[in-house]
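Novice: Sharing a structure below in structure tokens format, with a few things to ask.
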Amino acid sequence: MESHVNANKFVVGVDFGTLSGRAVVVRVADGAELGSAVHEYAHGVIERALPGSDTRLGPDWALQSPQDWIDVLRIAVPAAVAAAGVSPADVIGIGTDFTACTVLPATAEGTPLCFETPERPHAWPKLWKHHAAQPHADRINALAARRGESWLPRYGGKISSEWEFAKALQVLEEDPEVYGRTERWIEAADWIIWQLTGVESRNICTAGYKGIFQDGAYPSADFLAELNPGFADFTGKLATGPVGELAGDGVRLAALGALAGTLSAGAAEWTGLPEGVAVAVGNVDAHVTAAAADAVRPGQMVAIMGTSTCHIMPSDRLAEVPGMCGVVRDGIVPGLWGYEAGQSAVGDIFAWFVEAFVPAAYTERAAGEGVSVHAYLTSLAEKQAVGQHGLVALDWFGGNRSVLVDHNLSGVIIGQTLATRPEDVYRALIESTAYGARMIVETFEKSGVPVEEFVVAGGLLKNPFLMQVYADVLRRPLSVIGSDQGPALGSAIHAAVAAGAYADIEAAAAAMGKRTEAAYVPDEARADAYDRLYAEYRNLHEHFGDGQALHKLRAIRNEASA
């Protein structure tokens, strides 16, 4: 229960996304969102060339600029407080979340190396969707399997090219000078807390899911040396000790919802908030959203659906689930096992199709009706009967995160004819992402980890047709979060806990989080029809999942692009 002292107190949640950062001001007593502001990153996603340079980047690169993140604190936070109409003196805490694994090399003082040598690509932060380290992930996985490393089953048998170790090994082997200058290899989720407090800390969430921290330890120096002798001391750059304790250099591996420190004078100047305000331990956008949806109990799977989808679920049981992104003790809420799975591209698939393949006539018709091209295609697609387009697609246009954990896989569409229209493909792509979600849910349940409730959050909630497709494909009701700003609200909830307004995340989520249960329910006839299509999806999944054809095509592309 919230205390009367919280009635006129507020917290700020800051969500650092792929293209922008959002700040929201939230009332501690009930989670009411009073004001928000968005800052679009000046550099966006750096994919083709370094800023202000002719230095070209290779295939599957994706970088970001730390200056954009600082600008969110300078611009979006004061704007959100002003929009809320609250006094900064009544703000008692600030919490943040980040995409992950978004990781950067820095000095021991926290200076990003790209500030010192901006001409070096590997000096820049690698965004979550930087997939150029897939060969390095493949080597890590093969060696771990050969050696029988105990941590590998905790990640469904494979770690991802998106994660800390694969990306760091890529830096070592492609730019050993930058690797040598790297004193800290740090998640952006932790780096931004460092900037807010002046104190370095590491959170248990990213350490566990993205940094292979299991049972109190990272992979051994012996294992790392077998990958590359120069990699043997890599974990020294992570600088973390046991949860809640101090490592030799004073860096904490901190529990979620804990106090990372207080707002420094410099950060107070950036944000317009009082110096000394509580700062919550860093966290990941998907994982904080569970609190925003009040879905922090065992079996509540939260699917955060946007450019990609992340599936987050607390559980009271430990199991080895093939192809998950990880299972981490205390990884979502303290005291429970936290599971993560995901789809590397969802909204990105629809955006790619609209940008690359929708004819001008459709764009003109959409404009004439005063709607977006997405809305226009949806209006056409939803008039079809299930299966009317004759198509099935594999949702691997950004690779496969779960359950195959292979970012060198690519998308497949079968059944196209000369009669196929853009709305047919658009609907098939929507359906493919729902099939991918069903594959994940079924994999969990077959592994003995039940999914009791499927809760949806994220930008794709705005498309009711898409939500109904998911309900029909999954053959289960969908609950929906009661906020358009799930990660930012979740970060604010963690800030309230760090500030001492609530005893724990569960209590804060119950008071401040919100969701509507069974907002979409499956239609039995459509669900039966989708079962037939899903069976074909599974056949394709098995046929192309070995990567033989798709890997060869990617290799040919890379050779031709060199």
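Novice: Can you list the aspartates and glutamates whose alpha carbon is less than 13 Å from that of K514, not counting same-chain residues fewer than 8 positions off?
Specialist: Here the aspartates and glutamates satisfying the reach criterion relative to K514 are D30, E33, D294, D484, E506.
Novice: Per the Kirkwood definition applied to all pairs of different Cα atoms, how many angstroms is the hydrodynamic radius of the range 424-562?
Specialist: Values: mean 1/r = 0.0560 Å⁻¹.
For the range 424-562, the Kirkwood estimate is 17.9 Å.
Novice: Would you calculate the separation in nanometres between label points at K552 and A385, each defined as 7 Å from the Cα along the Cα-to-beta-carbon direction?
Specialist: 3.9
Novice: For the range 115-171, state the average projected area of the convex hull of the C-alpha atoms over all orientations, rounded to one decimal in nm². Don't jump to the answer; show the numbers that get you there.
Specialist: Numbers: hull surface 17.2 nm².
Average projection, Cα convex hull of the range 115-171: 4.3 nm².
Novice: Taking the Cα centre of each part, how many Å lie between the range 468-513 and the range 406-428?
Specialist: 34
Novice: Continuing with the same structure: Explain nothing, just compute: Karplus ³J(HN,Hα) = 6.51 cos²θ - 1.76 cosθ + 1.60, θ = phi - 60°, for every residue of the range 550-558 in order, whole Hz, x for Gly and Pro.
Specialist: So the Karplus estimates, Gly and Pro as x, are 6, 5, 5, 4, 5, 4, 4, 4, 5 Hz.
Novice: Can you give the accessible area of F213, probe radius 1.4 Å, in Å² rounded to 10?
Specialist: F213 exposes around 20 Å² with every protein chain in place.
Novice: Using the basic label-point model (7 angstrom from Cα toward the beta carbon), what is the S87 to R147 distance in nanometres?
Specialist: The answer from the label model is 5.8 nm.
Novice: Principal axis lengths of the range 403-486 from Cα atoms, whole Å, largest first?
Specialist: Projected onto the principal axes, the Cα atoms of the range 403-486 cover 43, 30, 24 Å.
Novice: Along Cα→Cβ, 7 Å out, is where each label goes; now give me the distance between the ones at A108 and A356 in nm to one decimal.
Specialist: The two pseudo-label positions are separated by 4.7 nm.
Novice: Can you compute the FRET efficiency between D523 and R421 using 1/(1 + (r/R0)^6), with r the Cβ-Cβ distance and R0 = 22 Å? Round to the nearest 0.05. If you can, show how the numbers build up before the last one.
Specialist: Values: r = 24 Å, r/R0 = 1.09.
Computed FRET efficiency for D523 and R421 comes out at 0.40.
Novice: Something else about it: Reachable lysines from K158, Cα under 28 Å, same-chain residues fewer than 8 places away excluded?
Specialist: Candidates past the 8-residue exclusion: K126, K129, K167, K210, K237, K446, K552.
Novice: Now for a different question. Length gain on complete extension for the stretch A375 to A217, per 0.36 nm per residue less the alpha carbon to alpha carbon distance? Kindly include the intermediate steps, with their values, before the conclusion.
Specialist: Values: separation 158, 0.36 × 158 = 56.88 nm, distance 4.85 nm.
Residue separation times 0.36 nm, minus the Cα-Cα distance, leaves 52.0 nm.
Novice: So how exposed is H311, as accessible area in Å² (1.4 Å probe, rounded to 10)?
Specialist: Counting only protein heavy atoms, H311 exposes about 0 Å² to solvent.
Novice: Write down, largest first, the equivalent ellipsoid semi-axes of the range 350-477 in whole Å, where each equals the square root of 5 times an eigenvalue of the alpha-carbon gyration tensor. Don't skip to the end; give the middle numbers.
Specialist: Numbers: eigenvalues 149, 59, 37 Å².
The equivalent ellipsoid of the range 350-477 has semi-axes of 27, 17, 14 Å.
Novice: Quote to one decimal, in nm, the extra length available between E320 and A560 on full extension: 0.36 nm per residue of separation minus the C-alpha distance between them. Working shown, then result.
Specialist: On the way: separation 240, 0.36 × 240 = 86.40 nm, distance 3.97 nm.
The E320-A560 span can extend by a further 82.4 nm.
Novice: Semi-axes of the equivalent ellipsoid for the chain, please: Cα gyration tensor eigenvalues, times 5, square-rooted, ordered largest first, whole Å. Walk me through the numbers before you get to the answer.
Specialist: Working: eigenvalues 234, 170, 110 Å².
Ellipsoid half-lengths, sorted descending, are 34, 29, 24 Å.
Novice: Further question on the same structure: For the range 278-346, report the accessible area per residue in Å² (1.4 Å probe, heavy atoms, rounded to an integer).
Specialist: Values: 1320 Å² over 69 residues.
Spelled out: the 1.4 Å probe surface of the range 278-346, per residue, equals 19 Å².
Novice: If I ignore ligands, DNA and RNA and count only protein heavy atoms, how much of V449 is accessible to a 1.4 Å probe, in Å² to the nearest 10?
Specialist: 0
Novice: Where the centroid of each part is defined by its Cα atoms, how far is the range 113-153 from the range 537-562 in Å?
Specialist: Rounded to whole Å, the Cα centres lie 21 Å apart.
Novice: To the nearest 0.05, what FRET efficiency results for H543 and L19 with a Förster distance of 30 Å applied to their C-beta separation? Intermediate values should be presented prior to the final figure.
Specialist: Details: r = 35 Å, r/R0 = 1.16.
Step by step, r from the Cβ atoms, then E = 0.30.
Novice: Could you work out how far the C-alpha centroid of the range 1-65 sits from that of the range 195-215, in angstrom?
Specialist: A separation of 19 Å, based on Cα centres.
The values are calculated or read from the model by the stated rules, or taken from the named source; none is laboratory data. Keep in mind the model is a prediction, meaning the values are calculated, not measured. All Cβ positions, even for glycine, are placed from backbone atoms using ideal geometry, and neighbour counts span all protein chains on display. Ligands, DNA and RNA are excluded from the accessible area calculation, which covers all protein heavy atoms including side chains. Shrake-Rupley method; radii C 1.70, N 1.55, O 1.52, S 1.80 Å.
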